[in-house]
Amino acid sequence: MTDKVRYSIIDAPSILGLRPTGVEHLPEALKAAGLLEKLNAEYAGCVRPSLQYSPEHDRRTLLLNAVPIRSFSVQLATAVRDVLDDNRFPVVLGGDCSILIGTLLSLRRMAGMDYSL
């Protein structure tokens, strides 16, 4: 294995699309198990939701945490883009599946499809 760092770990411990079930602890558990060392990865930081989780669904859309997920996704997209701009491969550790929104938003922006959320 080469000494060059190719991977960058981004923690994204979101529960916004699910509920507090422990998935928010996954990034720390994987790092404690040696993921950074095994991938020869650098740590690119943690993106935490800036708005709080609510167990209530929106009455009109029936969505859970739509506004916090939007805000978090924009933050995460920026973090992923920073890693990609540095010619590294981002490895995003969640959280729940809502972390995919920010990751994919970053890729869409890189492809020139900058849709605002």
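The values are calculated or read from the model by the stated rules, or taken from the named source; none is laboratory data. All values reported here derive from a predicted model rather than from experimental measurement. Every residue, glycine as well, gets a Cβ built from its backbone with ideal geometry; the counts of neighbours run over all protein chains shown.
Details
- Applying the criterion of being out of contact with any Pro (no Cβ under 6 Å at 6 or more places or on another chain) and hydroxyl-bearing (S, T, Y) to the residues of the range 14-56, the residue that is modelled with the highest pLDDT is Y43.
- Candidate set from the range 81-107 (those that are polar (S, T, N, Q) and touching a Leu at 6+ places or on another chain (Cβ under 8 Å)); member that is surrounded by the fewest Cβ atoms within 10 Å (Cβ to Cβ): T103
- Residue in the range 85-98 that is free of Cβ contacts under 8 Å to residues at least 12 places away in the same chain, under 10 Å from the mean Cα position of the chain (by Cα) and part of a helix (DSSP H, G or I) present: no
- Looking across the range 1-21, the residues that are over 21 Å from R70 (Cα atoms) and either under 16 Å from the mean Cα position of the chain (by Cα) or among the charged types (D, E, K, R) (or both) come down to D3, K4, R6, Y7, S8, I9.
- So P90, is it at pLDDT 95 or above and on the phi < 0 side of the Ramachandran plot: yes
- Any pair with Cβ under 8 angstrom, 6 or more apart, that starts in the range 5-24 at a residue that is assigned to a loop (DSSP other than H, G, I, E, B) and ends at one that is acidic (D, E) and buried (at least 16 other Cβ atoms within 10 Å of the Cβ): P13/E24; S14/E24; S14/D96; I15/E24; I15/D96; L16/D96; G17/D96; L18/D96
- Any hit, the range 76-85, residues being of a type outside the set (A, V, I, L, M) and farther than 23 Å from L107 by Cβ: no
- Residue in the range 57-80 that is surrounded by 12 or more Cβ atoms within 10 Å (Cβ to Cβ), assigned to a loop (DSSP other than H, G, I, E, B), within 15 Å of the chain's Cα centre (by Cα) and at pLDDT below 95 present: no
- Hits in the range 32-56 (condition: of a type in the set (D, E) and loosely packed, with under 11 Cβ neighbours inside 10 Å): E37, E56
- Beta carbons closer than 7 Å, at least 6 apart along the sequence or on distinct chains, pair a first residue in the range 43-63 that is among the charged types (D, E, K, R) with a second that is assigned to a loop (DSSP other than H, G, I, E, B) for R48/P13.
- Selection count where residues are in contact with an Asp or Glu (Cβ under 8 Å, 6 or more places away or on another chain) and buried (at least 16 other Cβ atoms within 10 Å of the Cβ), scope the range 19-30: 2
- So A41, is it closer than 23 Å to R6 by Cα and touching a Gly at 6+ places or on another chain (Cβ under 8 Å): no
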